Structure formats: structure tokens, C-alpha cells
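Novice: To start, I am sharing the structure in question, which I have written as C-alpha cells.
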Amino acid sequence: MSPHQIQYTNAELAILFERVASLLQIKGEVVFKVRAYQNVAESLRTLAEDVNSLYAEDRLGEIPGVGEAISKKIEELLTTGKLEFLEKLEQEVPPSLLELLQVPDVGPKRVAMLWKEAGITSLADLAAAAQAHKLEGLPGLGAKSEARILAGIEALSRRTGRMSLEVARSRADEWLDWLRQQPEVQRGEWAGSLRRWKDTIGDLDLIALSDDPAPLLARFTQHPSVVRVLGQGENKASVELRDGTRIQLWSQPASRLGSLWIYATGSKAHNIRLREVAIQHKYSLSERGMEGADGALTEYAQEEDVYRALGMAWIAPELREDRGEVEAALGGKLPDLIEVADIRAELHCHSTWSDGVASIAEMAEAAIQRGRRVLAITDHSASLGIANGLTVERLRQKKAEMEQVQAKLGNRLRLLHGTEVDILADGTIDYPDEILAELDIVIASLHSSLRQPREAVTARLLKAIRNPHVDVIGHPSGRLLPNREGADLDWDVILPAAAQSGIALEINASPYRLDLTDVYARRAIQLGIPLTINTDAHSPNELDLTVYGVSVARRAWASPQHVINAWSVDKLLAWLKGRGTRDS
């Protein structure tokens, strides 16, 4: 085994192997070879153990999909920081072609064609060719596809380069593990927008309690994953990593945890409001504590102590956006925020009947393990063929299986027979009313034609909202984080219509959706619209995504009474039964 000189994180290695796979696809390599690299990238991304530890223990072969050849490539990266195979590949295939894969409707085969037929090697080349109408006439391309490519490039220009919450948490956890192992560190924690659970994350902010920050910050800035030091002071350092992620590390003694954690958590607007309140008390508030006019510094070991000194209750990080939380805290009117433990029902998940990977019985057992009392199996409807959507005949066969599973479960869990029905491009619902009336719960969702004009897509959703058989609008805008925008809905029309119909709006807990957003969820609460937090789970493990949906609800100031799957079982079932005429 070669000496271990370089340290890559699991996520960094995954990115490199995804790069290899994409370049091989563009080159036209055989499918099984491409898949081998895609599979190892996915394995690395979901690996529970640190790849550096596995290498040190000669256990790389235990990683799913890693055979002898790829094991040697991982070893080469971990010992030299380079991969000769990738370097040669980048000489054969221009790496700038990878930019084109970010454009909707432009896959590897089309990228290869554009490169070989038109000499297009960059996003700028593609934009110029499309604007000059030079794509028409190329194999498989016409005026409509050229227009779609232009629209995709325009959407791409609006992307933020931010991370999903799940990716950000994973990266932050890796760094927290490192941080907590340093001899000077007494405690390390998340801060910044990640601690506030914003739906996407830019930079990572971490805090470390230490009486001797100098050697810690030096070691942090010299970490093998750091490619650039953006700033370094006595108590703070900022760096950029190989994958472009930026991290800020703040350090103060444990006696200043309260003020440090508030300061590093933000938001900036929230901190400004706190400083204004402090000034009214004739204090100056900073990460060090509160300083009086005489220069005397008062330190605070807990956040609660800082807020108490300012005459208010502690404010949960999710609320710290200067949206009225300071005034509410001063007036004793902060909401009793919902928690994961309040969720009793999962009302949106999929089984092997459509595109799930587990049976109804397996999903039921997983729900019981997580303390759920109610589970709705809402497989896709027929029109979503890509997801193996159910015909009416298969829907009824599924009901028979659910009844068999329910008989075995007894009173351990109440199963609900439901569907996630597609809202078609013309606004019609995938199943006829008489079929919907047979179901315990109906979720209607937008999955396609999301780029329709605002008037059209809004009218389409309104049709579903006004259907008496529809109980829930699933992931209302259809967005995918961090980069696919949702439908351009007119919320000033949608929300009052939802309030009038009594329908529930879903906060989809997938970290790649988080849809309804916190802003519209709060408006929904103000209008009396019930919310539901669901994982949209396609596997048992995805039932653990509830925490992400709860974070959105907390940012929306939601309490348990606002969320139907936090209600008692009897109240939830009565609400569902009252939503429409059903044979339940």
C-alpha cells in the first residue's frame, strides 16, 4: 500500500468519478463502462464511512461497485492527488463540453453531436449558435428544439451555484467531524444559513469553542482540501475547497458561545435588529458579547442568556430572518413551532406498484419503526408512464394487497389507499371521478409542462384545487433544487382558491423539492389553509426525510395544529372523509 499523502472527502471523489462517467458518455464509450463509474460515484456519495479510513485499512473493495481497477484509481487519487486516466480523457474530450450537460434537453449523445458536427465546445458556443439559428438542420434538431435549448441556457444563467440542504449537511458534518477531533476544540457546531435550514445553502459556516484558536485556524487553512485562503484573522478564517465550496470558521472561548453562535448563525437582517435592541439598552452587541458604554464586556455562555438580556425569549434559528420574530419575542408571541416528533402520519409515499423500491408491507414496517400511526400509499397514476403509473385495474389490485397487509398489521398502523394523480397539461385529472371517490386520499401534482405560461399553468392547478375529490396538492410548483425552477404560478390567485376549497397544500420534504416554500407556507397559514408535511418516499430510508419538511414548516411559523399529519388519527381521518364523497 502506498503512503497516504492526500485526503479527499467522499463527496469530492464522487464528483471526480461523475466527471469521468460524463466524459466517457460524450466520447461514446460502451454503456457498462459508463455505468461502472456512475455506480461508484453514487456509492461514494452515500458511503457512511470515510474513504480515507477504508483505504488505510485496505478495505476499498468493500465499497459497492469498487473492483480492482477502480480501487487502484481511488488509491492513485489518495496518494498523488491526480488521476492519469482522467487527465488523458480530458485531452481526448474537451472538459468544457460538460457545461452543455447542464442545459435541459441536452444529453451526452447530443453534446457529442454538437461537438463533432458543429465544433461547439462550450456553453458560450452553444448560445451563440442557437441565437444565430445555426442549430436548425443538425441531426435531431429543429426550430422547436433550438428554442428549448435557448430557454434552457437562459434558465441556467439564473442558477445560483448553491447546494441542497442534504448535500450541505453532509459536507458540514464531515468538517465537524474533523473539527471536533482537533485538540484545541471544546465544541464544534453548524451556524449560518445551514443552521437556519434555508432551502439551499451557499457557504458553510462553522463555530469552534477554543481558548487557543491560532493553531486551529492555521491547521484549518492548511487542510489538504483547501485550495485558497480567502481571509484569516485572530478568531476567524475563510477558505475555498477543491470542489468550490467556501467555509467560514469562527472561534471564541466557551464563555462566549451564546453571542458567537447568534452572530455566526445570522441572518444579517436578524442580527441588525438585535443590535438595534441592544443599543436601546445602551449596549453594543457582537460575537464577543455585549459591551457597555464604559467598555466593560459581558460574556454569555448560552444563546438564551443573550436574548434574555435583550428582554426577549430565545428565538429558534429557523425564524431568524427579520420577518417579525424580534417583535414577537419582545411581545411574548413567538409560535409553538412544530417538531419532527409531532408528525403522526405519512400521507405521500410510493411502493413497488409504481416507482418505489419497497413493497407495501415493507413501507408499513418502516413507518411503524418511525412512530407513524397512519401511512398512505399513493402510487402514481397511469399517465406518468415513466414512473410505472397504475391503470384503474392495477389500482384495484393494489387495494386488494393493501387490505391483506392491513389485516396482518392490525391496529399497529392504519393504511390509506391513495394515489398521486397527475394534473395533465389541460388541467384534467388522470382518473375519472368515480375512481377517485373510491380512494382514501388523493394527491394531485404537476409533473410535466411546467414551463407553460403563468395563466395556463395557474388555471391548470386551479382546476385540481376545485376538484372535490382532491385532498392535497403535492409539491405545488414542481421545482427541483437547487437549479430547476418551479412553475410560474400566480400565488395571489392560487392561495385564496385553496383557502376557499379547504384543500391541503403539501410541504414536500425531499431536500430536492422543499415545495411549498416557507414564504408561501406562511401565507397559507395566515389564510387558514391546512398544510401537510410528506416525504414522497420511494424507499423506507426516505421516510427519514421528514426533518427537512419540518424545517420548512418551522420557517413558516407553523405549529402542530396547522399540519394535518400532526393531528390525532381520528381528526385526520374525519377530515379526509369530509373532503369529498367517497365509498370509504
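The values are calculated or read from the model by the stated rules, or taken from the named source; none is laboratory data. All figures in this text were calculated on a predicted structure; none of them were measured in a lab. Here the Cβ positions follow ideal geometry from the backbone for every residue, glycine too, while neighbour counts run over all protein chains shown. Side chains included, ligands, DNA and RNA excluded: accessible areas come from the protein's heavy atoms. Shrake-Rupley method; radii C 1.70, N 1.55, O 1.52, S 1.80 Å.
Novice: Starting from the amide H of TYR283, placed 1.01 Å from N in the peptide plane, find each other amide H under 5 Å away whose residue is 5 or more places distant or on another chain.
Specialist: Residues meeting the amide H criterion: none.
Novice: Output the relative contact order of the chain, whole-number percent, from Cα pairs under 8 angstrom with separation of 6+ residues.
Specialist: Once divided by the residue count of the chain, the mean separation gives 9 percent.
Novice: OK, next. Below 8 Å between Cα atoms, with a sequence gap of 6+, how large is the relative contact order for the stretch 20-98 in percent?
Specialist: About 35 percent, as a whole number.
Novice: Rank TRP178, GLY295, ILE74 by how far each Cα sits towards the positive end of the charge dipole of the chain (+1 on Lys, Arg Cβ; -1 on Asp, Glu Cβ) and give me just the farthest.
Specialist: Checking the options against the dipole of the chain, the answer is GLY295.
Novice: Let me ask something additional. Want the number for SER170 to GLU455: 0.36 nm per residue separation, take away the alpha-carbon distance, what's left?
Specialist: Here the answer is 98.7 nm.
Novice: Continuing with the same structure: Quick query: amide H of VAL421 versus all other amide H atoms, modeled in the peptide plane; which residues come in under 5 Å with a sequence gap of 5 or more or a different chain?
Specialist: Close amide H contacts, sequence-distant or interchain: ILE443, ALA444, SER445.
Novice: I'd like to compare 427-436, 29-38: which one has the highest average count of other Cβ atoms within 10 Å, and what's the full order after that?
Specialist: Highest-to-lowest ranking by the protection proxy: 427-436, 29-38.
Novice: Sticking with this one: Kindly write out, for the stretch 535-550 in residue order, the coupling ³J(HN,Hα) from the Karplus curve 6.51 cos²θ - 1.76 cosθ + 1.60 (θ = phi - 60°), rounded to whole Hz, with x marking Gly and Pro.
Specialist: Once θ is set to phi - 60°, the couplings for the stretch 535-550 become 8, 6, 5, 10, 8, x, 4, 6, 5, 6, 6, 3, 4, 6, x, 4 Hz.
Novice: With θ set to phi - 60° and the Karplus curve 6.51 cos²θ - 1.76 cosθ + 1.60, what are the ³J(HN,Hα) couplings of the stretch 322-327 in order, to the nearest whole Hz, using x for Gly and Pro?
Specialist: Working through the residues one at a time gives 6, 10, x, 6, 5, 4 Hz.
Novice: If you place +1 on the Cβ of every Lys and Arg and -1 on the Cβ of every Asp and Glu, how big does the dipole about the Cα centre of the chain come out, in debye to the nearest 20?
Specialist: 800
Novice: Figure the gain on full extension for GLN526 and ALA143 (residue separation times 0.36 nm, minus the Cα-Cα span) and round it to one decimal in nm.
Specialist: Extending this stretch completely gives an extra 133.3 nm.
Novice: Then there's this: Return the sequence-ordered ³J(HN,Hα) values of the stretch 295-309 in whole Hz as given by the Karplus equation 6.51 cos²θ - 1.76 cosθ + 1.60 applied to θ = phi - 60°, using x for Gly and Pro.
Specialist: Each residue of the stretch 295-309 in turn: x, 6, 9, 9, 9, 10, 7, 9, 4, 3, 5, 5, 4, 4, 5 Hz.
Novice: Whenever you get a sec, compute what percent of the accessible area on the chain sits on carbon and sulfur atoms (1.4 Å probe).
Specialist: Carbon and sulfur together cover 49 percent of it.
Novice: Of the options ILE465, GLN404, VAL227, report the single residue whose Cα projects farthest towards the positive end of the charge dipole of the chain (beta-carbon charges: Lys, Arg +1; Asp, Glu -1).
Specialist: Highest projection toward the positive end goes to ILE465.
Novice: Moving to a separate point now. Given the Cα-Cα distance of ASP490 and HIS281 and 0.36 nm per residue of separation, how much length would full extension add, in nm?
Specialist: 70.8 nm
Novice: So what is the relative contact order for the stretch 396-504, in percent, with contacts set as C-alpha pairs under 8 Å and at least six apart?
Specialist: Normalised by residue count, the contact order of the stretch 396-504 is 23 percent.
Novice: Then there is this: What whole-number value in Å² describes the accessible area per residue of the chain for a 1.4 Å probe?
Specialist: Value returned for the chain: 43 Å² of accessible area per residue.
Novice: While we're here: In whole Å, what is the distance between the alpha-carbon centres of the stretch 346-367 and the stretch 530-559?
Specialist: 16
Novice: Determine the calculated [θ] at 222 nm for the chain from helices alone, applying -39500 (n - 2.57) to every DSSP H run no shorter than 4 residues and normalising by the residue count; nearest 500 deg cm²/dmol.
Specialist: The helix contribution divided over the chain gives -12500 deg cm²/dmol.
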